[in-house]
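Contents: one structure, followed by commentary.
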Amino acid sequence: ARRLSRYAKEFVPVPAVAARPVTKWLAFGRKARRADVRAMTAQVLRAHPSSVGGFRDSMSQHDRRAALATLRDTPAVILAGDRDRITPLPHARVLAGELPHAEFVLFPEAGHELTYERPVGVASRLRALLDQAAD
């Protein structure tokens with residue numbers, strides 16, 4: 001992450017074909033669709049390296065429990081894939097534990113990219129949350 005943060009060029013010259021296996025391993029569960037991995041890889045390769053590096057570095061150093069305290073009384077849903085390598089399941093459980101009114105939803109065999117892997121389940125949970133907020 002630190003190396004990426006200092007990278008001065010607009011993109012890292014990595015061919016998509018070389019980046020796809022890394023994207024698949026890092027962001028997806030076992031049954032990732034090839035088209036989804038391709039789309040996610042394209043998104044990653046378009047991101048500015050210093051932004052990606054800075055974000056990743058920040059994520060690894062920041063304990064968000066204090067920030068979550070401001071949302072303790074807000075309805076929420078925590079969506080987690082049990083194969084998520086970016087926000088591992090123990091981290092998702094900590095988030096849910098800090099938000100007592102949150103619904104915790106576990107998607108078996110899914111990774112971090114739930115909108116690709118479980119779009120119907122994600123949409124359903126978000127719709128329920130919005131309906132709850134509207135009441």
In segment 65-90, residues that are over 30 Å from Arg30 (Cα atoms), touching a residue at least 40 places away in the same chain (Cβ under 8 Å) and not in a loop (DSSP other than H, G, I, E, B) total 0
Within segment 21-46, which residues are surrounded by 15 or more Cβ atoms within 10 Å (Cβ to Cβ), farther than 12 Å from Ile86 by Cα and of a type in the set (A, V, I, L, M)? Ala32, Val37, Met40, Val44, Leu45
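Readers should treat all values here as calculations from the given coordinates under stated rules, not as data from a laboratory. What you are looking at is a predicted structure, and each value in this text was computed from that prediction instead of being measured. A quick note on method: Cβ atoms are made from the backbone with ideal geometry, for glycine too, and the neighbour counts reach across all protein chains shown.
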